[in-house]
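See structure below.
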Amino acid sequence: MLPKLLVIGHGRHGKDTVCEILEKNYNYSFESSSRFCSKLFIYNDLKEKYGYADEEECYADRHAHRKEWYDAICDYNEKDAATLGREIFKEHDIYCGLRNKREFFAMKNTGVFDYAIWVDRSEHLPPENKDSMSLEQWMADYTIDNNRDLNSLMFNTYQLMQHLKVRS
């Protein structure tokens, strides 16, 4: 059985790319949390406000409303901060894109995931605004460096999986 992975980091730092590498080479399944939430409730909540024609258009526009999405997900998890994490892990091996520390600690403290992996591209991109990202690198169990090229990212991901003893 594959360990449940929480892949976190600032926006556009390579989280989805790491998940794609894990999907292709280690048989992990994932869907970004933004896509998962768009399908689950965000599209329905925002379609009239922004005039979205479909869920795809809503998802494509998510970066323009990052704080609004963050707040919507926080509201969804208000009663139980681990709700979304449990729902994602029912369907997938990876939760990609968590941004809220309350939800992080609720999932960590209840064993919803096995390892948290931070993806870092800080030499090229700035950190996210704290009003839409309350996680910090120190919270993760491991960090994958994504400050070079794709081959280096693949190698760094492979190294971590070897350490975790996940077979490809």
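Checking each residue in region 121-139 for being open to solvent by less than 20 Å² (accessible area, probe 1.4 Å) and either within 24 Å of Met161 (Cα to Cα) or of a type in the set (Lys, Arg) (or both) picks out Leu135, Met139. Residues in region 146-158 that are within 18 Å of His124 (Cα to Cα), open to solvent by 60 Å² or more (accessible area, probe 1.4 Å) and outside any loop (DSSP other than H, G, I, E, B): Leu150, Asn151, Met154. In region 14-37, the residues that are at positive phi form Cβ pairs under 6 Å with partners that are buried (at least 18 other Cβ atoms within 10 Å of the Cβ) and in a loop (DSSP other than H, G, I, E, B), at six or more places apart or across chains, as follows: Gly14/Arg121; Gly14/Asn146. Considered as a group, the residues in region 94-119 that are within 18 Å of Ser29 (Cα to Cα) and more than 12 Å from the chain's Cα centre (by Cα) include one that is surrounded by the most Cβ atoms within 10 Å (Cβ to Cβ), and that residue is Phe113.
Candidates Glu31, Glu23: the one that is modelled with pLDDT of 95 or more and surrounded by 13 or more Cβ atoms within 10 Å (Cβ to Cβ) is Glu23. Looking only at residues of region 34-50 that are closer than 12 Å to Ala72 by Cα and open to solvent by less than 50 Å² (accessible area, probe 1.4 Å), we find that the one that is nearest to the chain's Cα centre (by Cα) is Ser34.
The values are calculated or read from the model by the stated rules, or taken from the named source; none is laboratory data. Small disclaimer: the values here were computed from a predicted structure and weren't measured. In this analysis, Cβ positions are derived from the backbone assuming ideal geometry, glycine residues included, and neighbour counts consider all displayed protein chains. Just so you know, the surface numbers come from the protein's heavy atoms only, side chains and all, with ligands and any DNA or RNA stripped out. Shrake-Rupley method; radii C 1.70, N 1.55, O 1.52, S 1.80 Å.
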